[in-house]
1. Could you list, in sequence order, the residues of segment 215-229 that are surrounded by fewer than 20 Cβ atoms within 10 Å (Cβ to Cβ) and either in contact with a strand residue (DSSP E or B) (Cβ under 6 Å, 6 or more places away or on another chain) or closer than 22 Å to residue 25 by Cα (or both)?
2. What helices (runs of 4 or more DSSP H), lying completely within segment 67-163, carry at least 3 residues that are under 21 Å from the mean Cα position of the chain (by Cα) and either without any contact (Cβ under 8 Å) to a residue 24 or more places away in the chain or surrounded by 14 or more Cβ atoms within 10 Å (Cβ to Cβ) (or both)?
3. Against the conditions (1) part of a loop (DSSP other than H, G, I, E, B); (2) under 21 Å from residue 241 (Cβ atoms), where does residue 185 fall short? Just the number, please.
4. Give the residue, chosen from 20, 57, 35, that is part of a strand (DSSP E or B) and touching a residue at least 24 places away in the same chain (Cβ under 8 Å).
5. Please determine, by comparing only the residues of segment 164-182 that are touching a helix residue (DSSP H, G or I) at 6+ places or on another chain (Cβ under 9 Å) and outside any helix (DSSP H, G or I), which one is nearest to residue 118 (Cα to Cα).
């Protein structure tokens with residue numbers, strides 16, 4: 001039986017959807033980078049304007065014939081050898097936008113990457129729909145995620161405390177702080193839905209049935225670019241989330257997301 005310091009923080013459906021998301025997002029990111037490697041450039045509009053990419057990652061040869069990784073953002077070009085464009089040993093197999101260790105599968109295999117991506121994407125969509133329905137039905141959105149006026153007035157204080165790695169404990173740790181609430185709302189109501197819609201807009205079969213999808217984004221290439229941007233925004237949120245879990249008490253935070261029980265004296269509210 002839980003002690004006085006422990007509270008039951010996460011319901012079973014929250015924990016299950018969370019861990020399903022972890023697996024799906026990992027596979028989606030790695031397989032998505034595999035797909036991107038097949039044509040490592042982003043454009044805006046309804047067609048690929050090869051001479052004017054928004055972003056491109058590739059390789060050129062220097063005067064000695066060695067490959068040099070080049071990442072271009074608009075008209076700005078950066079040498080990214082060893083990270084993007086060319087990674088590992090300077091052989092033909094190392095000339096690829098994203099290195100093999102972050103792609104699924106590791107080898108250049110577009111068709112298999114697409115299969116992994118689409119399979120995981122539908123699991124992710126169904127899981128997100130279940131989470132959304134249960135979130136509304138249980139009032140999780142209104143009770144736990146929507147910041148109150150009092151919360152919003154504490155943004156500056158909460159941000160300053162986070163920068164100093166001072167997190168709430170005891171009674172304050174029973175609830176999400178305002179920064180957590182705003183971050184989760186952005187993910188749940190903006191990043192996730194737009195990323196999913198942009199992904200659907202890239203499907204020719206769905207476009208034929210629902211042509212308004214392309215109209216929403218202004219073309220298939222715009223949808224692809226936004227899908228890429230929002231996916232990396234979600235990755236950024238995830239990395240910050242992991243960092244906060246690490247500095248605020250890994251064991252306590254992981255236990256709460258596995259068993260549901262959270263120790264108010266063993267960590268803080270940033271898991």
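1. Just the residues of segment 215-229 that are surrounded by fewer than 20 Cβ atoms within 10 Å (Cβ to Cβ), to begin with: 215-216, 218-219, 228-229.
Selection gives 228, 229.
2. On the way: elements: 110-137, 149-152, 155-163.
Because the criterion is at least 3 residues that are under 21 Å from the mean Cα position of the chain (by Cα) and either without any contact (Cβ under 8 Å) to a residue 24 or more places away in the chain or surrounded by 14 or more Cβ atoms within 10 Å (Cβ to Cβ) (or both), the helices (runs of 4 or more DSSP H) in segment 67-163 that meet it are 110-137.
3. Of the numbered conditions (1) part of a loop (DSSP other than H, G, I, E, B); (2) under 21 Å from residue 241 (Cβ atoms), the odd one out for residue 185 is (1).
4. Result: 57 is the single residue among 20, 57, 35 that is part of a strand (DSSP E or B) and touching a residue at least 24 places away in the same chain (Cβ under 8 Å).
5. The first filter runs over segment 164-182 and keeps only residues touching a helix residue (DSSP H, G or I) at 6+ places or on another chain (Cβ under 9 Å), leaving 165-168, 175-182.
This time we only want the ones that are outside any helix (DSSP H, G or I), so: 165-168, 175-177.
On the way: 165: 39, 166: 41, 167: 39, 168: 40, 175: 36, 176: 33, 177: 35 Å.
Ranking the qualifying residues of segment 164-182, first place goes to 176.
Taken together, the values in this text are just the output of simple stated rules run on the coordinates, not laboratory data. Model, not experiment: these values are computed from the prediction. Every residue, glycine among them, receives a Cβ derived from its backbone with ideal geometry; neighbour counts consider all protein chains shown.
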